[in-house]
Amino acid sequence: MTALAPPATAPGLDHLDALESHALFILREVVAECERPVLLFSGGKDSAVLLHLAAKAFAPQGLPFPVLHVDTGHNFPEVLDFRDRAAARLGARLLVARVQDSIDRGRVADPGALASRNRLQSVTLLDAIAEHGFDAAFGGARRDEDKARAKERVLSFRDEFGQWDPRRQRPELWRLYQGRVNPGEHVRAFPLSDWTELDVWQYVARERLDLPSIYFAHERPVVRRDGMWLAVGEFVQPRDAERVEVREVRFRTVGDATGTGAVLSGARTLEEVVAEVAAATVSERGATRGDDRFSETSMEDRKREGYF
Amino acid sequence: MPVATKDVLRLATVGSVDDGKSTLIGRLLVDTRLVADDHLDAVAAASERRGVGDLDLSFVTDGLRAEREQGITIDVAYRYATTPTRKLVIADCPGHVQYTRNMATGSSTADLALVAVDVAAGLKEQTRRHLVIAALLGVRALVVAVNKMDTVEWSRTAYERVVAEVGALAAVLGAAPVVAVPVSALYGDNVVERSARAPWYEGPTVLEALEASDAGAWERSCGARLPVQWVLRQPGGGRTYAGLVSGEALRVGDAVTLLPAGVETSIRSIRYGGRALDEAAVGIAADVELDDETDAGRGDLIATAPLPRVTRELEATVCWFGDEPLELTGRRLRLKHTSRTTPVRVRAIEGLLDVGSLEVADAEALATNEIGFVRLATAEPLVVDDYREDRVTGGFVLVDEASHATVAAGMVGRPPFATARR
C-alpha cells in the first residue's frame, strides 16, 4: 500500500471522456439532490453541448427537467430555429422568458430599441426562477471564459435575491456536490466548468452535434464598431461614418444580437473551426462581446446581480 | 484534423501568502502563450490603474475586484493549460489562513501540489499547514518552486536549505515524488524558459516537471466501486444503475456485491452514453446492469473485492470550516458520503492536530480551520473505505442542517503521520 490517497483523475483517460463523464455525473447528482431543476438554453454552442449531455445522462428516458430560454428579443433567426429544432428533437419542454415582458411590466427600464439587453436578462431570469419555483438551474458557463467565472464553484449558491457572493462561496470538496437550499434560494450548476472553448469544439466534432449555422463561415453584411464586426440587420444599423461591407465571417459566441461581434473566418467545417480555435490568440468574449469591455469587473458585477 | 487526445493532470498551488503562487501561475500561462492577447492587455491595464508596474502577473488569476484591491487571493481560480500530451487543470489557491476552506476546495480534486516557497523567507508556518492539508487530502506528488531566487543572487546554498526543509516535511507526510526547481516567477527563470542564472541546476523547469509527473500512477489495493447515483429504466423492463466508477475498472462478468444490503451478483452489461462497453475505466460515468433482480437505488454501492466495510460508526479526520466551533452539543448536522446523505452525530472529539508539530492534543471543540479526529455515528449505514485507499468512498462532507452550508471536509481514518503528544 502506498502512503497517500489515489488520484482524482484516472491515468490515461482521454480528456474528452473525462470531461464528459464529469458532466454526466454533475447532471445526475443535481437532479437527484434538487426538487425542481431547469436547464438554461440560449441556443449557443455551450448550451447545445449541455443539452446533448443531459440527454445522454438520462437516456433512454427523456429529460427530467424543462429547458428555459431567456429571450432578449434581439435574436439571430438561425439561433431561434436551432433552439426549436433541438428542443423538438429531444422532446424537451421549452419555456421562454422574455426580456420584453419584463420591460412591459415595468420590472426593468427599456434601454431603447437598438441597445443591448444583455444585463437586463438577469431580472427576467430571476423572475422566471421564482415563478416556476426552480431550485437548481443548469448553465453552460465555462471557467475559461472570464476571470470571475474562473472563481466560481461547479454548484454555485444564490441567495433569495439571486446574488452570487464571491467572498462566501460554499466549500466544494471532491465531487460531493451539495445542492440543498432553503425556500427562495437556488443553485446554479455548471457541468462544463472545466471545459475550454477548444474542448467544446473538439467534443462537438467528435459527437457530430448540430449547431446554429452562424457558427460556421458565411458571407454577410457587417460594420466595424468598437473593434468588432457587427452583423447589419434588424438590430444593428450603420451609424454616420460606418461603411457596410460584405465579409466572410462566423460567430464564436451567440448573445444579444446588438452586441455580439462576428470574427473574420473561412472555417466552414467542424474540423476547420477546431483548427481555428486552437490557433486563436484572442479570447472568445474578447473578440465578440461588447458589454464585457466597459469595466474591469463587468462579469463579476453582472454575476453578483444574478446573471448566468 | 484528428482530435488529439490527452490525459488530464489536476494540480493545486500550495504555499503562504506572498510567496508568489499566483505570480507563478501567471508566469506559467503567459510564457506558454496560454493567456489570450486581450486578457493580457486587460491585466496590463489593471496593473497600471493600480500602480503595480507594467504587468502584475498575479492578476492573471486574481480576477475579483477585492483580490486586486488587496493584492491577495481570496478564492480558488481555475485555469487550464495544454501541453502536447496533457491537459492541466490548475487550481490557484489562496494562502491566507482564513481562506483555508477555499484552499481545501482546490486541493481536494488535485493529483499534484505545486508548492511556492520564498527562498529568502524559508518554509513558513502557513506553507507547512498547507502541505499538511494537501497530504491529508491525498495529494502525494509535489513540485516545489523555490521562488524569488533573484532576491538571493541565485544562491545555491539558500536553495538547498529550502529543499532540505521541504524534503524533510514531505518525507514525514509520505509525499513522493518531490521535485524541486529554483525559479524566479517574476522574471520567468526556470518556469517555462530554462534560466542561465543557475548553471549549477540541471533538473527540469516547472513546466517540464508538470509534464513528466506520474501523479496519475497509483498502486491500488481496493476493488472497483460504483456508488449508485440514479436508476435508469430500460425498454423491456430492465434497470441499469448509473454512477462514476472509482478504485479500479469495472468489467462485464465481474462478481460484485451490492452494499449495504450484501447481495452478491455480477455485472451483466455496462453502458456509457447509450453505447455498450466491456470495461468501464476509473472516472467513467457508466451505467451497469446486474445479473440478479435487486432493489438497488441511490445511495447504494456496487463493489468488487476487496469489499468496503458497512458501518454506522466512523473514526475520521475532519477539517472544520464552520463559523461556530464543532462541539458535541453543537448544531444539527448531516453527512454526505458518495450519493448518500444521512443525519449524523458527533460521538467524541478525540484530538486536535497541531499542524506545526504534527502532534495530537486533547480537545473539547474544533475552531474554524482546525483539523481534528472525531468519532461519528450516522442514522443510516455507510459503505466506506479508508480515505487513503479510495478518495471517493473515503471522503465526506458535513452540512449544517439549518443553513445547508458545507461546514467540514471529512476523511475516513487517520493519517499515519499524526503522533500522540507525550
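The numbers here are math on the coordinates, done by the rules we state, and not lab data. Fair warning: this is a prediction, and the values are worked out from it, not measured in the lab. All Cβ positions, glycine included, derive from the backbone under ideal geometry; neighbour counts span all protein chains shown.
Could you give the size of the charge dipole of the protein assembly as shown about its Cα centre, using +1 on the Cβ of each K and R and -1 on the Cβ of each D and E, expressed in debye and rounded to the nearest 20?
560
Considering only DSSP beta bridges with both partners in the protein assembly as shown, what is the antiparallel share in %, to the nearest 5?
Just about 70 percent of them are antiparallel.
Which of A:TRP195, A:TRP174, B:TRP200, B:TRP320 comes first, and how do the rest follow, when ranked by fewest Cβ neighbours within 10 Å?
Neighbour counts put them in this order, fewest first: B:TRP200, A:TRP174, B:TRP320, A:TRP195.
Short version: ³J(HN,Hα) in whole Hz for each residue of the stretch B:100-108, in order, from phi by Karplus 6.51 cos²θ - 1.76 cosθ + 1.60 (θ = phi - 60°), x for Gly and Pro, what are they?
4, 5, 6, 5, 5, 4, x, 7, 5
Roughly how tilted is helix B:37-49, in degrees to the nearest 10 and between 0 and 90, from the longest Cα axis of chain B?
It is inclined by approximately 60 degrees.
Count neighbours as other Cβ atoms within 10 Å of each site's Cβ, and list the trypsin sites (Lys or Arg not before Pro) in the stretch B:304-358 that are DSSP loop with at most 12 such neighbours.
Passing both the DSSP loop test and the Cβ count: B:ARG332.
Work out, step by step, the length gained on full extension between A:VAL96 and A:GLN237: first 0.36 nm times the residue separation, then minus their alpha carbon distance; give nm to one decimal.
48.1 nm
Expressed as a whole number of Å, what is the distance separating the alpha-carbon centroids of the stretch A:37-91 and the stretch B:298-313?
Cα centroid to Cα centroid, the span is 37 Å.
Cα to Cα, under 16 Å, and not fewer than 8 places away if on the same chain: which lysines meet these conditions relative to B:LYS124?
B:LYS21, B:LYS148
Please get the size of the charge dipole for the stretch B:309-420, origin at its Cα centre, with Cβ charges of +1 on Lys and Arg and -1 on Asp and Glu, quoted in debye to the nearest 20.
500
Run through the stretch B:26-79 and list the trypsin sites (Lys or Arg not before Pro) located in a DSSP loop whose Cβ has at most 12 other Cβ atoms within 10 Å.
When the trypsin sites (Lys or Arg not before Pro) of the stretch B:26-79 are filtered for loop state and at most 12 Cβ neighbours within 10 Å, B:ARG33 remain.
For peptide A:19-32, how many partner chain Cβ atoms fall within 10 Å of a residue's Cβ, on average?
Neighbouring Cβ atoms belonging to other protein chains average 5 per residue here.
Roughly how many whole Å is it from the C-alpha centroid of the stretch A:106-161 to that of the stretch B:27-63?
Their Cα centres are 27 Å away from one another.
What is the sum of charges, Lys and Arg at +1 and Asp and Glu at -1, for the other residues whose Cβ falls under 15 Å from the Cβ of A:ASP101?
My count for the surroundings of A:ASP101 gives -1.
So for chain A: antiparallel DSSP bridges make up what percent, rounded to the nearest 5?
If we restrict to bridges inside chain A, about 55 percent are antiparallel.
Among B:LEU40, B:VAL206, B:VAL166, whose Cα projects farthest towards the positive end of the dipole of the stretch B:7-212, with charges put on the beta-carbon of Lys, Arg (+1) and Asp, Glu (-1)?
The Cα lying farthest towards the positive end belongs to B:VAL166.
What shape does the stretch B:309-420 take by its C-alpha gyration tensor, where a ≥ b ≥ c are the square roots of the eigenvalues and a/c under 1.5 counts as rounded, a/b above b/c as prolate, and the rest as oblate?
oblate
Work out from phi, with θ = phi - 60° and the Karplus expression 6.51 cos²θ - 1.76 cosθ + 1.60, the ³J(HN,Hα) of each residue of the stretch A:176-189, listed in order in whole Hz, and give x for Gly and Pro.
8, 7, 10, x, 6, 9, 7, x, x, 8, 8, 10, 9, 10
Using a Gaussian network model of chain A with C-alpha springs under 10 Å, which one of A:ALA279, A:ALA23, A:ALA241 is most mobile by mean-square fluctuation?
Among A:ALA279, A:ALA23, A:ALA241, the largest GNM mean-square fluctuation belongs to A:ALA241.
Could you tell me how many degrees, from 0 to 90 and to the nearest 10, lie between the Cα long axis of helix B:21-31 and the main elongation axis, the longest principal axis, of the Cα atoms of chain B?
That works out to roughly 80 degrees.
Could you name the lysines whose alpha carbon sits less than 18 Å from that of A:LYS45, not counting residues in the same chain fewer than 8 places away?
Qualifying lysines at Cα under 18 Å: A:LYS56.
A:ARG180's amide H: which non-local residues (gap 5+, or another chain) put their own amide H closer than 5 Å, with H modeled 1.01 Å from N in plane and none for Pro or chain starts?
It is none; the list stays empty.
Grab the alpha carbons of the stretch A:59-139, take their convex hull, and tell me the volume per residue in Å³.
Here the figure is 103 Å³ per residue.
Taking R0 as 35 Å, what FRET efficiency do you get between B:ALA255 and B:ARG233 from their Cβ-Cβ distance, rounded to the nearest 0.05?
Here the calculated transfer efficiency is 0.90.
Using Cβ counts within 10 Å as a stand-in for footprinting exposure, how do B:ILE270, A:ILE103 rank, fewest first?
Lowest count first: A:ILE103, B:ILE270.
Could you list B:LYS21, B:LYS124, B:LYS148 so that the one with the fewest beta carbons within 10 Å of its beta carbon is first and the one with the most is last?
Least crowded to most crowded, the residues run B:LYS124, B:LYS148, B:LYS21.
Please list, in order along the stretch B:78-88, the HN-Hα scalar couplings obtained from phi with the Karplus expression 6.51 cos²θ - 1.76 cosθ + 1.60 (θ = phi - 60°), rounded to whole Hz, x for Gly and Pro.
9, 10, 10, 9, 10, 10, x, 10, 9, 9, 9
With unit charges on the beta carbons (Lys and Arg positive, Asp and Glu negative) and the dipole taken about the Cα centre of the stretch B:309-420, which residue among B:GLY330, B:PHE396, B:PRO381 sits farthest to the positive side?
B:PRO381
Suppose every Lys and Arg Cβ carries +1 and every Asp and Glu Cβ carries -1, with no other charges. What dipole size does the stretch A:157-308 come out with about its Cα centre, to the nearest 20 debye?
The calculated dipole for the stretch A:157-308 is roughly 180 debye.
Looking only at other chains, what is the average number of their beta-carbon atoms within 10 angstrom of each beta-carbon in B:83-94?
Whole-number average of other-chain Cβ neighbours for B:83-94 is 2.
Please work out the Cα center distance from the stretch A:165-201 to the stretch B:118-148, rounded to the nearest Å.
Cα centres, the stretch A:165-201 to the stretch B:118-148: 27 Å.
List the GluC sites (Glu not before Pro) within the stretch A:133-192 that fall in a DSSP loop (any state other than H, G, I, E or B) and whose Cβ has at most 13 other Cβ atoms within 10 Å.
Answer by residue number: A:GLU160.
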